[in-house]
Amino acid sequence: MTHALTAAPAPVAAVAAPSQRTTRLLLAGGIGGGPLFLGLGLVQGLTRDGFDFTRNAISQLSLGELGWIQVVDFLLTGSLLVAGAVGMRRALRGGPGVTWVPRLIGVFGASFLVCSAFRADPGAGFPAGTPASSTVTLSAHGTVHMLSGMVGYLSLCAAFVVLARHFAVRQLRGWAVACRLMPVVVLAGFAGSAATVMAFTAGAGLGLVWLTAVSTRLRAESAAR
């Protein structure tokens, strides 16, 4: 009788292991989304005729004959980030940020999906043959694209602020401080876009890189449990 009662918890442990593997697999989406988007954007930017990182945003790569590549990039990145948001919900279960962080990252991922459907406007010499001047009046699809990106990155910045508390509770001071500083860096890049588009690209890129770092940390915490 005693032996039977002792052995009973074993099925619970057997169920817990696959659950943790699923969480880590979902978090891998948050890890891989940023590098995929930036890597594919870099390759396209260096090889497509008329594109110049000093004048053009990565979003504009969705234009032209090969624009479908960037559209797919948006779709894959958005899907991975949404999966990462689900993984964060599981990883943060019972801790600070369990409610808002997954939602905010989910909004960030969804913004990439919207951007895949509503493309940026041409301008600044891209696609090739487009006048060198920037677009003065946004089209309807260009406006939706811009607003979606704005909402997405504001959500990402808010998620970092909430995650700072998660790391502070665990006495990971460096991670907490970085999560508070990163929104400042991202927003400063966006503000600097009035002077140069590279400031915008740098701010957006650093936000994606830090999301990869945070997702990697949460995945390690999940593995440790």
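Counting Lys and Arg as +1 and Asp and Glu as -1, what is the net charge of the other residues whose Cβ lies under 12 Å from the Cβ of residue 83?
Net of charged neighbours comes to +3.
Give the accessible surface of the chain per residue, rounded to a whole number of Å², with probe radius 1.4 Å and ligands, DNA and RNA excluded.
50
Which helices count as membrane-span-like in the chain under these terms: full DSSP H, at least 15 Å along the axis by C-alpha, Kyte-Doolittle mean of 1.0 or more?
Membrane-span-like by this criterion, though nothing is claimed about a membrane: 67-91, 100-117, 140-169, 173-191.
What part of the accessible area of region 27-147, given as a whole %, is carbon or sulfur when the probe is 1.4 angstrom?
69
Over all pairs of distinct alpha carbons, what does the Kirkwood formula give as the hydrodynamic radius of the chain, in Å?
Radius from the Kirkwood sum: 18.7 Å.
Kirkwood hydrodynamic radius of region 91-130 from all distinct Cα pairs, in Å?
12.9
Might you report the magnitude of the Cβ-based charge dipole of the chain about its Cα centre, with Lys and Arg at +1 and Asp and Glu at -1, to the nearest 20 debye?
Dipole size: approximately 1080 debye.
Please sort 177-184, 102-109 by packing, taking for each peptide the average over its residues of neighbouring beta carbons within 10 angstrom, highest first.
In descending order of packing, they fall as 102-109, 177-184.
Please compute the alpha carbon radius of gyration of region 15-94, then divide it by the globular-protein estimate 2.2 N^0.38 Å. Two decimals is fine.
The reported ratio for this selection is 1.40.
The values are calculated or read from the model by the stated rules, or taken from the named source; none is laboratory data. These numbers were taken from a predicted model, which means no experiment stands behind them. All Cβ positions, glycine included, derive from the backbone under ideal geometry; neighbour counts span all protein chains shown. Side chains are part of the model used for accessible areas, which takes the heavy atoms of the whole protein and leaves out ligands, DNA and RNA. Shrake-Rupley method; radii C 1.70, N 1.55, O 1.52, S 1.80 Å.
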